[in-house]
Amino acid sequence: KAGVTQTPRYLIKTRGQQVTLSCSPISGHRSVSWYQQTPGQGLQFLFEYFSETQRNKGNFPGRFSGRQFSNSRSEMNVSTLELGDSALYLCASSMQGANEQYFGPGTRLTVT
Amino acid sequence: KQEVTQIPAALSVPEGENLVLNCSFTDSAIYNLQWFRQDPGKGLTSLLLIQSSQREQTSGRLNASLDKSSGRSTLYIAASQPGDSATYLCAVISSSGTYKYIFGTGTRLKVLA
């Protein structure tokens, strides 16, 4: 069974631009969660989607948004990028959300 | 508010040594606890999942225990190898149905050959 895939793997953007990251969960998994990892803050929860609905959201500004499609693939969008948005963005999938989570390799975003 | 702490932050041991990594959480109302390893610049690899009704889980040289009442979990690694060098993270998910994992800050392990 294929694992969680994330595209692109690396991204360089300029401050003020917007970016869209994509996550394809393991087949059969309906829950997708997004996390931001930085050296200073560690791993922080962004949001979780289940059956195209956002069930929970972390403490991030409205510039961070996401969505989930009917095939469970998910995208997250960051608008008006700031230098502090530079991070490794990880997505994880699970059957229901509270089950074992499987992580993708991440997207490394650098904002200059 | 759930807080997860991992001690020590970093650990360096000679190859072959048995070691214990600690994870503490402040709210015992958890649904499960999961241990991960992360290699530099990579995603997270799931090691062990302990559900709230379980006391421990084992996989190969790894054994994880859970004591909900005291808010503690330990990851025991037997006969450590240089390939075990990585950052180890624990995460808990609340039983309140929020469906979000709260991660600890991790223990950076280095096993010396």
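The values are calculated or read from the model by the stated rules, or taken from the named source; none is laboratory data. A quick note: this is a predicted structure, and the numbers were derived from the prediction, not measured. All Cβ positions, glycine included, derive from the backbone under ideal geometry; neighbour counts span all protein chains shown. SASA here: full protein model, heavy atoms, side chains in, ligands and nucleic acids out. Shrake-Rupley method; radii C 1.70, N 1.55, O 1.52, S 1.80 Å.
Of the numbered conditions (1) open to solvent by 30 Å² or more (accessible area, probe 1.4 Å); (2) touching a residue at least 24 places away in the same chain (Cβ under 8 Å); (3) facing another protein chain (nearest Cβ under 10 Å), A:Ser31 satisfies every one except a single condition; which is it?
For A:Ser31, the failing item is (1).
For the list (1) more than 28 Å from A:Gly106 (Cβ to Cβ); (2) loosely packed, with under 12 Cβ neighbours inside 10 Å, I need the number of the one condition that B:Gly41 fails.
Tallying (1) more than 28 Å from A:Gly106 (Cβ to Cβ); (2) loosely packed, with under 12 Cβ neighbours inside 10 Å, B:Gly41 fails exactly one: (1).
Checking the condition open to solvent by less than 40 Å² (accessible area, probe 1.4 Å) and out of contact with any Cys (no Cβ under 7 Å at 6 or more places or on another chain), which residue from A:Thr80, A:Thr53, A:Thr107 passes?
A:Thr107
B:Thr74 - would you say it is buried (at least 18 other Cβ atoms within 10 Å of the Cβ) and either in contact with a strand residue (DSSP E or B) (Cβ under 8 Å, 6 or more places away or on another chain) or more than 13 Å from every other protein chain (Cβ to nearest Cβ) (or both)?
So B:Thr74 does not fit the description; no.
Which residues, counting only those in the stretch B:51-60, are in a loop (DSSP other than H, G, I, E, B) and open to solvent by less than 80 Å² (accessible area, probe 1.4 Å)?
B:Ser52, B:Gln54, B:Gly60
Step by step: first the residues of the stretch A:1-35, then only those that are of a type in the set (Val, Ile, Thr) and assigned to a strand (DSSP E or B), then the one that is farthest from the chain's Cα centre (by Cα). Which residue is that?
Ranking the qualifying residues of the stretch A:1-35, first place goes to A:Ile12.
Would you mind stating whether B:Ser12 is of a type in the set (Ser, Thr, Tyr), out of contact with any Asp or Glu (no Cβ under 9 Å at 6 or more places or on another chain) and either open to solvent by 20 Å² or more (accessible area, probe 1.4 Å) or not in a strand (DSSP E or B) (or both)?
Judged against the criteria, B:Ser12 is a match.
Anything in the stretch A:39-73 that is in contact with a strand residue (DSSP E or B) (Cβ under 7 Å, 6 or more places away or on another chain), more than 14 Å from chain B (Cβ to nearest Cβ) and among the hydroxyl-bearing types (Ser, Thr, Tyr)? List them, or say none.
If the condition is that a residue be in contact with a strand residue (DSSP E or B) (Cβ under 7 Å, 6 or more places away or on another chain), more than 14 Å from chain B (Cβ to nearest Cβ) and among the hydroxyl-bearing types (Ser, Thr, Tyr), then A:Ser65, A:Ser72 are the ones that fit.
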